[in-house]
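The values are calculated or read from the model by the stated rules, or taken from the named source; none is laboratory data. It should be emphasised that the depicted structure is a prediction, and the values quoted were computed from it without experimental measurement. Note: ideal-geometry Cβ built from the backbone for every residue, glycine included; neighbour counts use all protein chains shown.
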Ligand SMILES: [Zn+2]
């Protein structure tokens, strides 16, 4: 489910946001034939094929589709549409009833008010449906991946969270006049999404829980709101790793940089960067230490080191000219760098 939050899955499958599963299936079969790797070896077609499969998988799974719809605002649109349809139905019934029994009216609540209530995040007085005792909102948690560099420097993220709250139409009672509430479909609660900015502190590791106060589900009747917990996964990185408060960095340099020296930027906690001078004649495996530039302890009284492990790396390809120059180098090279190694046998 890597990036699907950022894509318009309905557009990918070329269907309306309220398309039925059958409609989606028909459209999927059409598209899959067009872009199937057996038909086209074109790279962009293969990417498109994967995208179509991903969209299909999400939109034909009830739970995944609902979550996607909530985050993208389609859920709100769908409810609105269903409401308008049922409203027209009720109006029609009302009209017919009035003709039969003048003076009787059934569906009086304004649909627009109900929809406004549904998606208003502000707590209103009419949340106190039954004057019941305070109920605290639940804590919620979501998974969040950060890069290893972000875990070192700390980062800010904009995230979508899905909340639930009692249905404002039926007050969580699920039924109105013995019938399933139209707004929540008898579930008693509704979900809605909210975008918030969160700060991920430096030093998180896989499994860290970052607490965002009062961003969980809303409390009712004066109860306090729950908290949001971000459950962190730190993505692997070939070049940086963390050992307690120390940051280890495998630094690739070219053979020429090894000979002549160079300067490199190294990511440090709190978004800072260190400019590190690699001295001339540095060999692979040589380590440089930046003392007290690593991660901070929780109470900020200690700080680890940054340990740079130099790795000389050759380019993937050499031109003929480069090869020729290396050849000349090898012919004039005089020192046996394996003398110690050979003696050690
Ligand atoms: Zn309801």
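Criterion applied to 211, 173 was being outside the structural domain of residue 269 (by TED's automatic domain parsing) and within 16 Å of the ligand (Cβ to nearest atom), and the one residue passing it is 173. You will find that of 194, 214, 209, 244, the residue that is touching a residue at least 60 places away in the same chain (Cβ under 8 Å) and under 30 Å from residue 172 (Cα atoms) is 194 and no other. Among residues of the stretch 181-200 being surrounded by fewer than 15 Cβ atoms within 10 Å (Cβ to Cβ) and under 17 Å from the mean Cα position of the chain (by Cα), the one that is farthest from the ligand (Cβ to nearest atom) is 199. Has the stretch 218-227 got at least one residue that is within 20 Å of residue 305 (Cβ to Cβ) and in contact (Cβ under 8 Å) with a residue 24 or more places away in the chain? No, that holds for no residue.
Candidates in the stretch 214-225 are the residues that are over 30 Å from residue 235 (Cα atoms) and either in the same structural domain as residue 271 (by TED's automatic domain parsing) or away from the ligand (no atom under 16 Å from the Cβ) (or both); of these, the one that is surrounded by the fewest Cβ atoms within 10 Å (Cβ to Cβ) is 222. Residues that are surrounded by fewer than 17 Cβ atoms within 10 Å (Cβ to Cβ) and not in a loop (DSSP other than H, G, I, E, B) within the stretch 297-306 comprise just one, 303. Of the numbered criteria (1) away from the ligand (no atom under 16 Å from the Cβ); (2) free of Cβ contacts under 8 Å to residues at least 40 places away in the same chain; (3) surrounded by 14 or more Cβ atoms within 10 Å (Cβ to Cβ), the one residue 138 fails is (2). Of the numbered criteria (1) out of contact with any helix residue (DSSP H, G or I) (no Cβ under 9 Å at 6 or more places or on another chain); (2) on the phi > 0 side of the Ramachandran plot, the one residue 230 fails is (2).
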